[in-house]
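Here, each number is a calculation from the coordinates, and none is a lab measurement. Being a predicted model, the structure only gives us computed values, none of them experimental. Quick reminder, even Gly has a Cβ in these numbers, built from the backbone with ideal geometry, and neighbours come from all protein chains shown.
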Amino acid sequence: MKFINTLFFILTFTLLGTAQSYIRVNQLGYLPNSIKVAVVMSNPKSPIQSFEIRDALSEKIVLRSTKVRPSGQFGNFAATYRLDFSTLQKNGIYYIQTTDSQSPKFKISEDVYAGSADFLLKYMRQQRCGYNPFLKDSCHIHDGFRVYHPDPRKDSTFIDVKGGWHDASDYLQYTTTTANAVYQMLLAYKSNPAAFKDLYDARGLEGKNGIPDIIDEIKWGIDWLVKMNPAYGEMYNQIADDRDHQGLRLPNNDPTSYGKGKMRPVYFCTGKPQGAFQHKSRATGIASTAGKYASTFALGADVLQKFYPTLSKTLKTKALEAYDWGKKNPGACQTAPCRAPYFYEEDNWTDDMELAAAELSKLTANKTYLKDAVSFSKEETVTPWMINDTARHYQWYPFMNAGHYQTASQLTDNKAFITYYQKGLSAIEARAKKNPFLNGIPFIWCSNNLVTATLTQLNLYRKIGGKGFDEMEASLRDWLFGCNPWGTSMIVGLPKTGDFPEDPHSAFTYLKQYPIDGGLVDGPVRNSIFKGLKYVALRFPDEYVSFQSNMAVYHDDFGDYSTNEPTMDGTAALTYYLSSLETKKPLPTPTNLTISKGAITRFDTKTKTIRLVFTGHNFYEGGEKIQQTLNNEKIKASFFFTGDFYRNPECKLLITKLINDGHYLGGHSDKHLLYNDWTKRDSLLVSKQQFEDDLKANYAAMSTFGISQHKASYFMPPFEWYNETIANWTNAFGLKLINFTAGTGSNRDYTYPEMGNKYANNQTIMSDIIKYEQTSQDGLNGFILLVHLGTDPRRKEKFYDQLGELIKDFKKKGYKFERL
């Protein structure tokens with residue numbers, strides 16, 4: 001399918017020729033008060049001077065603007081433009097229209113980033129080593145045997161280092177990246193705890209355990225770090241090496257041999273160059289690793305005190321020891337290459353020691369550590385890649401300096417630290433002005449990690465009083481979610497309704513088509529870097545061929561490990577920034593919802609509330625009776641009608657009465673199409689365009705009665721039948737798919753005797769509802785109870801005739817009836 005789509009895309013672009021243009025937007029969406037800029041890449045017949053923004057559902061124009069800024073030639077496009085629509089702040093789902101192009105749909109709302117930081121944890125759980133909750137199986141449980149240990153009696157002997165995460169889509173594990181990942185998640189939770197939920201247990205399996213999921217993930221990583229630093233002066237830097245890169249396999253079926261059975265090598269930190277074969281690192285010391293241990297243990301001791309007080313005490317002791325060892329062993333402790341020349345070439349270390357000292361100052365209230373932090377801060381005021389516009393692989397890591405923030409936050413006068421941050425950000429901004437996407441990141445390996453690091457630094461910079469760079473921040477944020485030359489999100493599966501990597505460099509997807517939701521892919525690299533890489537071989541023709549440039553190339557192709565491989569540390573690091581974007585006062589949402597295939601199928605099971613819902617299309621003879629019964633019982637209900645129903649002159653009076661009575665009226669499709677197959681539920685019977693046209697027509701018919709999307713945000717699928725794709729397509733319009741609660745069989749009221757065994761008479765339906773209520777643990781609490789507005793004439797008895805009896809009976813049992 002991907003191959004066919006690629007050929008179609010290339011052919012389409014060629015045929016359209018010079019008249020084609022593309023609008024790139026943040027497909028996840030925009031906060032109402034944020035800067036909002038779309039980028040147009042065009043080969044136009046005439047310049048773009050204005051644009052419109054339309055409501056995605058109603059097609060109404062909500063903004064006309066001339067805020068168009070030409071930004072020159074880019075790649076294969078003769079002209080580019082930045083379209084500023086920051087003045088549009090009203091919540092909704094929209095798209096941008098120019099003379100010859102239309103953007104993808106996007107959302108404006110306070111909750112566009114809600115749950116996004118938690119979503120990243122999906123990938124972290126999938127990367128777990130030891131017990132893997134995604135596979136529900138264990139891997140690498142025999143790790144490992146020591147190498148480079150200074151004591152010959154211990155070298156090549158067993159050490160228990162099970163746990164942690166695999167580094168990327170291979171199965172190596174590094175202290176460097178793991179410690180940074182844990183630290184970033186600790187910072188995310190400490191700064192924005194409300195952003196994280198409890199949906200998984202400590203093993204990563206579905207089910208609450210009373211602890212936020214990010215803390216579970218932090219604990220998984222920090223337990224491994226403790227194993228990798230078992231005693232004072234005994235630090236290990238990595239498990240396995242690039243001998244790992246021998247064929248594709250899932251981690252629980254890893255046949256790689258290092259000559260010691262199923263054990264993998266565990267590299268002792270010597271502070272000297274290491275490498276098992278012809279390639280060697282350039283290590284100069286241990287402080288870079290020791291500093292990471294110390295800062296992570298120190299912040300962990302603080303954050304985990306609430307959850308694991310005994311572990312917290314251990315971490316405090318280990319933080320002090322690790323810092324002391326780092327001071328005694330200055331220099332950078334690089335990872336070890338093997339058969340290939342690629343490794344993490346970390347050259348800096350004072351940034352790690354600054355962060356460690358700052359965290360220990362906070363943890364112990366000992367100002368000696370703060371003095372150390374200030375001293376170390378002067379050794380590296382700016383993370384070098386920011387001002388150099390280049391770097392070797394992970395040469396200056398972590399890619400931003402959290403130590404400046406943690407130090408500055410403890411000082412009365414922090415102007416110097418604002419200046420440090422400002423200098424690096426200014427250098428990036430100066431380069432950013434050279435391209436229409438305002439991205440001044442050097443496109444080296446893991447460029448998306450650099451984007452994430454810059455966003456984090458911008459956030460921390462503002463926390464200590466820094467100002468400026470607002471448009472650059474918005475552009476970098478939007479870049480990750482589709483406002484880039486390729487028009488794709490860089491996070492697998494986010495947003496579900498957008499364009500995101502479908503063929504990432506991962507054995508999970510390549511071998512088993514398993515989703516790797518939440519993974520942040522490496523990101524674009526310079527064309528010159530890509531051309532110089534070994535072992536790159538694209539599987540398919542380049543679907544983005546028209547959008548590649550000398551500045552950067554990106555391929556959504558398994559064969560490109562340089563741009564399309566997710567990284568564990570990059571994913572973890574993004575939790576901080578995304579959690580900072582989540583609204584501080586969450587939008588009110590129903591609690592304890594039951595979601596089935598993307599649709600709400602039940603509300604809170606702890607409250608004795610029933611929501612009656614009625615659907616109508618071509619049969620509606622019970623409408624007046626139902627309306628009168630609800631009035632008599634003084635309750636409100638919810639009605640879902642097709643476009644044909646809303647347009648039917650015979651139904652106009654009933655619809656008007658229901659509106660005047662205060663009932664909920666919503667959509668049920670336009671023509672009552674069957675969206676997906678009855679037996680093969682995942683098999684669609686309509687295209688995305690057919691679905692969208694059907695939905696829009698339904699809401700257009702509703703609008704004649706003054707029913708807007710704002711008033712009717714719930715949508716019930718025709719035939720009450722749908723799948724996850726239909727739910728995602730519905731959500732893309734800002735609507736919530738809803739369906740009846742299964743179990744009572746009330747929906748069988750449409751059947752008639754000629755249907756044989758499927759037929760259920762009124763007595764059967766009523767008795768089944770009562771029986772379910774009596775025998776089910778939660779009764780009808782939170783139930784969405786469906787009754788049809790009318791039925792085929794062949795059904796002589798109508799269940800809506802017993803509606804009054806049903807309502808009275810359940811009122812006596814203490815139930816309340818509510819509308820949506």
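A few notes on this one:
- Cα gyration tensor, region 594-817 - rounded (a/c under 1.5), prolate or oblate: rounded
- Within the same chain, lysines fewer than 8 places from residue 531 are excluded, and of the rest, those with a Cα less than 25 Å from its Cα are 2, 280, 434.
- Net length available on complete extension from residue 808 to residue 46 is 267.5 nm, with 0.36 nm assigned per residue and the Cα-Cα distance removed.
- Loop-located trypsin sites (Lys or Arg not before Pro) in region 413-489 whose Cβ has at most 16 other Cβ within 10 Å (DSSP): 433, 434, 467
- The Cα trace of region 686-729 gives Rg and Dmax of 11.1, 30 Å, the first to one decimal, the second as a whole number.
- Based on DSSP H segments of at least four residues, each scored -39500 (n - 2.57), the chain has a per-residue ellipticity at 222 nm of -10500 deg cm²/dmol.
- Cβ-based exposure ranking for 214, 595, in which fewest neighbours within 10 Å come first: 595, 214
- Sequentially through region 653-660, phi angles give Karplus couplings (6.51, -1.76, 1.60; θ = phi - 60°) of 5, 4, 4, 5, 4, 4, 5, 5 Hz, Gly and Pro residues having no value and appearing as x.
- Residue 416-residue 471 FRET efficiency (beta carbon distance; Förster radius 25 Å; 0.05 resolution): 0.45
- Net charge of the neighbourhood of residue 642, taken over other residues with C-beta under 11 Å away and scored Lys/Arg +1, Asp/Glu -1, is -1.
- Those GluC sites (Glu not before Pro) in region 544-644 that DSSP places in a loop and that have at most 15 other beta carbons within 10 Å: 621
- Set of aspartates and glutamates with alpha-carbon distance to residue 45 below 13 Å, sequence-local pairs under 8 removed: 100
- Distance between the 7 Å Cα→Cβ label points at residue 199 and residue 141: 2.9 nm.
- Per-residue HN-Hα couplings for region 208-218 [Karplus 6.51, -1.76, 1.60; θ = phi - 60°; Hz; x = Gly/Pro]: 6, 9, x, 10, x, 4, 5, 5, 4, 6, 4
- Sorted by Cβ neighbour density within 10 Å, fewest at the top, the residues 755, 766, 353: 755, 766, 353
- Sites listed here are trypsin sites (Lys or Arg not before Pro) in region 729-820 whose DSSP assignment is loop and whose Cβ has at most 15 other Cβ atoms within 10 Å: 794, 796, 813.
- Residue-wise HN-Hα coupling along region 154-162, computed from phi with Karplus coefficients 6.51, -1.76, 1.60 (Hz; x: Gly, Pro): 9, 4, 6, 9, 6, 9, 7, 10, 5
- Read-out Rg and Dmax of the Cα atoms in Å, derived from the coordinates shown; its label in [x] 29.6, 92; [y] 34.0, 109; [z] 26.8, 96: [x]
- Amide H contacts of residue 640: 614, 615, 616, 666, each under 5 Å away and 5 or more positions distant or on a separate chain (H built 1.01 Å from N in the peptide plane; Pro and chain starts excluded).
- Residue order for 629, 741, fewest other beta carbons within 10 angstrom first, comes to 629, 741.
- Cα gyration tensor shape of region 170-220, rounded if a/c is under 1.5, else prolate or oblate by comparing a/b with b/c: oblate
- Exceeding the 24 Å Cα-Cα cut-off - candidates 636/736; 136/597; 272/367; 136/606: 272/367; 136/606
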